[in-house]
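The values are calculated or read from the model by the stated rules, or taken from the named source; none is laboratory data. It should be emphasised that the depicted structure is a prediction, and the values quoted were computed from it without experimental measurement. Please note: Cβ atoms are built from the backbone with ideal geometry, for glycine as well, and neighbour counts cover all protein chains shown.
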Amino acid sequence: AAIPPPPIHTVNSVCCYCGTGCGVQVRTQGERVIDVAGDAAHPSSHGRLCSKGMNLAATVRRDASRVLTAQLRRNRQEERRPIALHSALSAAARRLAQTLRQHGPQAIGLYLSGQLLTEDYAVFNKLARALIGTNNIDTNSRLCMSSAVSGYVRTLGADAPPACYEDLEHAKMVFIAGSNMAYAHPVLFRRLEAAKARDPAMKIVVVDPRRTDTCEIADLHLQITAGTDVALMHAMLNVLIWEGLVDHGYIVRHTEGFEALKRRVHEYTPRAAQEICGVPADDIVRCARWFGSCGPALSLYTMGLNQSSSGTAKNAALIHLHLATGQIGKPGAGPFSLTGQPNAMGGGREAGGMATLLPGHRDPANAEHRAEVAAAWGMDSLPETPGLTAVELFDATLAGKVKVLWIAGTNPAQSLPNQAKVRAALQRAEFVIVQEAYAHTETLEYADLVLPAATWPEKDGTMTNSERRISRVRAALRPPGDARPDWQLACGVARRLAAEIAPAKAALFRYRSAAEIFIEHAGLTQGRDLDYSALSHALLDSAGPQQWPYAPLGAARPRLYADGVFPTPDGRARFMDIGYEPVAERPTARRPLRLTTGRLRDQWHTMSRTGLVPQLTRHAEEPCIHLHPDDMKRLAIAAGQLAEVESGRGRLVAPAQPDAALKPGHAYMPMHWGSGYMAGDGVNALGNDAVDPLSHQPELKHSAVSVRPLAWQ
Ligand code: SF4
């Protein structure tokens with residue numbers, strides 16, 4: 001008799017790409033994903049998906065594009081060989097124990113990913129701080145949103161985006177700064193587009209050196225010189241003050257520090273800002289008037305503000321506009337940072353998987369906070385020595401101080417700026433562990449030990465999206481080969497390491513499920529601004545995705561600070577007395593162009609996943625260097641001609657593409673391509689690793705470069 005086909009199952013989960021966090025329904029038959037559709041019941045996306053989400057089924061692989069077994073090499077002259085998973089976990093533990101004995105805990109560093117689930121982060125974090133004894137745990141979210149964290153904390157008192165997606169429909173003025181949301185958060189962009197279609201009186205302003213597709217719905221495009229946002233926003237505040245559009249009552253009742261900032265912005269007249277930003281003074285005035293008089297004003301912002309050596313100042317300058325006008329905590333109003341990655345919010349920020357954070361929005365420099373986390377984990381204390389942030393971690397590895405690097409779910413050999421340094425650091429490390437699902441990332445070239453990781457849709461846990469909404473990620477398939485969920489691999493190493501250095505601590509890592517980890521993690525949010533200690537996987541399964549702070553019997557809080565009380569010691573928000581600082585690397589005669597980077601609509605990060613899908617590569621098949629036609633003429637470069645782009649940190653060769661949407665004097669490249677795709681280095685190799693002193697986020701959005709036609713053509 002014919003064998004009946006396996007039954008079809010449908011599993012509700014979340015898209016694994018951007019921070020919009022769209023709900024998906026994954027249909028499987030046997031070990032195959034048949035299709036992925038939008039989940040109409042998900043409150044953040046209502047069934048909508050973008051091109052990346054719609055093509056998720058095609059990314060699910062169980063072939064040689066996946067890391068299916070653990071691999072180890074005994075020395076750098078050897079090829080890696082497959083080994084049994086339990087041997088690999090033991091090898092990792094032995095090496096960590098040996099390094100701890102010889103060099104101490106600061107010689108070990110962990111580098112994680114905003115793609116990991118909150119439960120993965122919770123285990124890695126405990127492993128680093130409670131078992132290894134180091135705060136050297138950071139994440140690629142450092143490249144993405146640490147300036148947003150720093151901006152929120154320093155002005156509003158906590159890292160909590162105060163708005164929600166519904167505000168797109170309530171806003172009368174939408175100020176989009178440093179975000180091409182048409183490509184980076186497409187489902188939110190479509191929602192905004194629909195809101196604008198329903199309410200043509202809504203004003204939309206886009207601040208960007210490029211006229212991106214997001215500008216298609218804008219009433220005003222402020223084509224700013226890259227990196228000068230603080231001057232622009234200070235000039236807007238200057239206009240708001242001058243024209244009496246600030247809310248003095250709100251400022252007096254709910255804020256501190258306005259007078260000092262008012263004195264400072266006095267010098268940022270629209271004319272002065274025009275000189276700095278290259279934006280017509282009249283447009284600055286018009287934008288400020290709309291901000292102050294249209295009705296609810298909502299700001300949406302992301303990498304253009306964050307990836308900057310003054311990222312915190314840029315975030316704060318934008319938040320100041322909301323505090324000065326009282327445009328926060330009410331429908332349609334607020335400074336709303338859009339997170340780039342699907343779980344930058346849950347893992348790096350809420351679970352504290354960053355060198356500068358502890359679980360539950362705590363601060364590792366605060367002894368009380370350390371004691372609270374230590375007590376929850378059954379420890380006497382946690383390490384005090386400040387941890388190394390992303391760029392510092394690789395710098396310390398290059399300097400020989402960090403000996404063992406454990407990298408999980410990310411591709412720093414392609415994504416970090418100043419690649420020559422990062423790759424030299426990976427070479428210099430004595431032992432590199434790479435925990436990865438895909439077999440072709442550039443970072444794998446440097447791995448001494450590879451741990452096979454499960455990936456979407458093989459994992460179970462939670463993620464938090466940009467509007468503070470926690471959703472269940474559910475496994476629809478078993479992981480292929482020896483691949484395991486990241487938290488299981490981390491626990492496997494942790495228990496073996498504990499057996500070598502502190503046997504009693506093995507019990508800290510005996511979780512039976514991701515649900516159990518979540519309970520422990522959520523408990524650490526109790527009494528904190530984000531409190532979701534009453535949540536569990538079971539509750540999320542029965543009640544659906546929930547926003548934090550979550551009170552089981554209280555009303556939902558889609559918006560924060562409606563009462564004007566902020567989580568600061570005196571309940572008042574803060575204006576920061578900050579001025580405009582130029583970019584870290586100004587254009588020179590040798591390198592006269594400003595290179596900025598961005599996302600393509602259909603690609604994700606270093607293309608480990610989206611690069612597998614032919615439909616997604618059609619939108620842009622090769623990396624091009626975009627130049628304004630006037631600059632191309634001046635540089636004698638023809639359309640399509642190969643050009644060499646050089647930054648002093650790296651060089652690459654790419655076809656030149658005339659792009660009148662770009663501000664003259666600027667160059668642009670999509671961020672996705674590595675050195676495997678073109679002659680010379682990858683795009684980020686050229687990037688500047690100068691960091692914001694407060695957020696430690698590098699200035700990926702601005703490098704001074706030279707561009708010249710290749711002589712041999
Ligand atoms: Fe996925 Fe973001 Fe697209 Fe939604 S908007 S489907 S979360 S990539």
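When the range 633-647 is filtered for residues that are touching a residue at least 24 places away in the same chain (Cβ under 8 Å) and more than 26 Å from the chain's Cα centre (by Cα), the ones remaining, listed by number, are LEU635, ALA636, ILE637, ALA638, GLN641, LEU642, ALA643, GLU644, VAL645, GLU646.
Considering the conditions (1) of a type outside the set (Gly, Ala, Ser); (2) under 14 Å from SER337 (Cα atoms); (3) at pLDDT 95 or above; (4) under 20 Å from the mean Cα position of the chain (by Cα), CYS144 is excluded by exactly one of them, (3).
Considering the range 559-605, the residues that are in contact with a strand residue (DSSP E or B) (Cβ under 8 Å, 6 or more places away or on another chain) and within 16 Å of the ligand (Cβ to nearest atom) include one that is farthest from ILE251 (Cα to Cα), namely GLN603. For the criterion of being polar (S, T, N, Q) and more than 18 Å from the chain's Cα centre (by Cα), THR339 fails. Are any of the residues in the range 62-77 within 16 Å of the ligand (Cβ to nearest atom), among the hydrophobic types (A, V, I, L, M, F, W, C), within 21 Å of ALA476 (Cα to Cα) and in contact (Cβ under 8 Å) with a residue 24 or more places away in the chain? Within the range 62-77, not a single residue is within 16 Å of the ligand (Cβ to nearest atom), among the hydrophobic types (A, V, I, L, M, F, W, C), within 21 Å of ALA476 (Cα to Cα) and in contact (Cβ under 8 Å) with a residue 24 or more places away in the chain. Of everything listed in (1) surrounded by fewer than 22 Cβ atoms within 10 Å (Cβ to Cβ); (2) without any contact (Cβ under 8 Å) to a residue 60 or more places away in the chain; (3) of a type in the set (A, V, I, L, M), the single unmet condition for ALA656 is (1). Are any of the residues in the range 23-41 at pLDDT 95 or above and at positive phi? No - not one qualifying residue is present in the range 23-41.
Pairs linking a residue in the range 189-212 that is at pLDDT 95 or above to a residue that is aromatic (Phe, Trp, Tyr) and in a helix (DSSP H, G or I), with Cβ atoms under 6 Å and 6 or more positions apart or on different chains, are LYS203/TRP290.
Taking the criterion of being more than 16 Å from the ligand (Cβ to nearest atom), surrounded by fewer than 21 Cβ atoms within 10 Å (Cβ to Cβ) and among the acidic types (Asp, Glu), the residues of the range 160-201 that qualify are GLU166, GLU169, ASP199. Residue under question is LEU535, and the condition is that it be part of a loop (DSSP other than H, G, I, E, B), farther than 23 Å from PRO335 by Cα and within 26 Å of the chain's Cα centre (by Cα); does it hold? Yes: the conditions hold for LEU535. Of the residues making up the range 519-544, those that are under 16 Å from GLU119 (Cα atoms) and either of a type in the set (Val, Ile, Thr) or in contact with a Ser or Thr (Cβ under 6 Å, 6 or more places away or on another chain) (or both) number 6.
Here GLN115 passes the criteria (1) in a loop (DSSP other than H, G, I, E, B); (2) in contact with a strand residue (DSSP E or B) (Cβ under 7 Å, 6 or more places away or on another chain); (3) within 16 Å of the ligand (Cβ to nearest atom) except the one numbered (2).
Once the range 335-358 is narrowed to residues that are of a type in the set (Ser, Thr, Tyr) and away from the ligand (no atom under 13 Å from the Cβ), the residue that is surrounded by the most Cβ atoms within 10 Å (Cβ to Cβ) is SER337. Of the residues making up the range 439-475, those that are free of Cβ contacts under 8 Å to residues at least 40 places away in the same chain, closer than 20 Å to GLY114 by Cβ and in contact with a helix residue (DSSP H, G or I) (Cβ under 8 Å, 6 or more places away or on another chain) are THR443, ALA454. Pairs please, first residue from the range 32-55 and in contact (Cβ under 8 Å) with a residue 12 or more places away in the chain, second anywhere and near the ligand (Cβ under 7 Å from one of its atoms) and not in a loop (DSSP other than H, G, I, E, B), Cβ atoms under 6 Å, 6+ apart in sequence or on different chains. Taking only residues 6 or more apart or on different chains, the pairs are SER45/VAL187; ARG48/VAL187; CYS50/PRO186; CYS50/VAL187. The number of residues in the range 508-538 being without any contact (Cβ under 8 Å) to a residue 12 or more places away in the chain and of a type in the set (A, V, I, L, M) comes to 0.
Only one of the listed residues (GLU436, GLU430) is touching a strand residue (DSSP E or B) at 6+ places or on another chain (Cβ under 9 Å), touching a residue at least 40 places away in the same chain (Cβ under 8 Å) and surrounded by 23 or more Cβ atoms within 10 Å (Cβ to Cβ). That residue is GLU436.
Residues in the range 1-48 that are touching a Pro at 6+ places or on another chain (Cβ under 7 Å), of a type in the set (Gly, Ala, Ser) and more than 14 Å from the ligand (Cβ to nearest atom): GLY30 only. Answer yes if at least one residue in the range 504-516 is within 25 Å of the chain's Cα centre (by Cα), among the acidic types (Asp, Glu) and either part of a helix (DSSP H, G or I) or closer than 29 Å to LEU89 by Cα (or both), and no otherwise. No: the range 504-516 contains no residue that is within 25 Å of the chain's Cα centre (by Cα), among the acidic types (Asp, Glu) and either part of a helix (DSSP H, G or I) or closer than 29 Å to LEU89 by Cα (or both). For the range 304-325, what are the residues that are under 17 Å from the mean Cα position of the chain (by Cα) and of a type in the set (A, V, I, L, M, F, W, C)? Scanning the range 304-325 gives a single hit, LEU305. Among ALA41, ALA70, ALA64, ALA84, which is the only one that is over 23 Å from SER337 (Cα atoms) and crowded, with 18+ Cβ neighbours inside 10 Å? Result: ALA70 is the single residue among ALA41, ALA70, ALA64, ALA84 that is over 23 Å from SER337 (Cα atoms) and crowded, with 18+ Cβ neighbours inside 10 Å. Of all residues in the range 404-432 being aliphatic (A, V, I, L, M) and in a loop (DSSP other than H, G, I, E, B), which is farthest from LEU116 (Cα to Cα)? Per the criteria, the residue is ALA429. Screening the range 593-628 for residues that are among the hydroxyl-bearing types (Ser, Thr, Tyr) and outside any loop (DSSP other than H, G, I, E, B) and picking the one that is nearest to ARG61 (Cα to Cα) gives THR610. Does TYR301 qualify as being within 28 Å of the chain's Cα centre (by Cα) and either acidic (Asp, Glu) or buried (at least 18 other Cβ atoms within 10 Å of the Cβ) (or both)? Yes; evaluated as a whole, the condition is true for this residue.
Of everything in the range 49-61 that is surrounded by fewer than 22 Cβ atoms within 10 Å (Cβ to Cβ), more than 12 Å from the ligand (Cβ to nearest atom) and hydrophobic (A, V, I, L, M, F, W, C), the residue that is farthest from MET607 (Cα to Cα) is ALA57.
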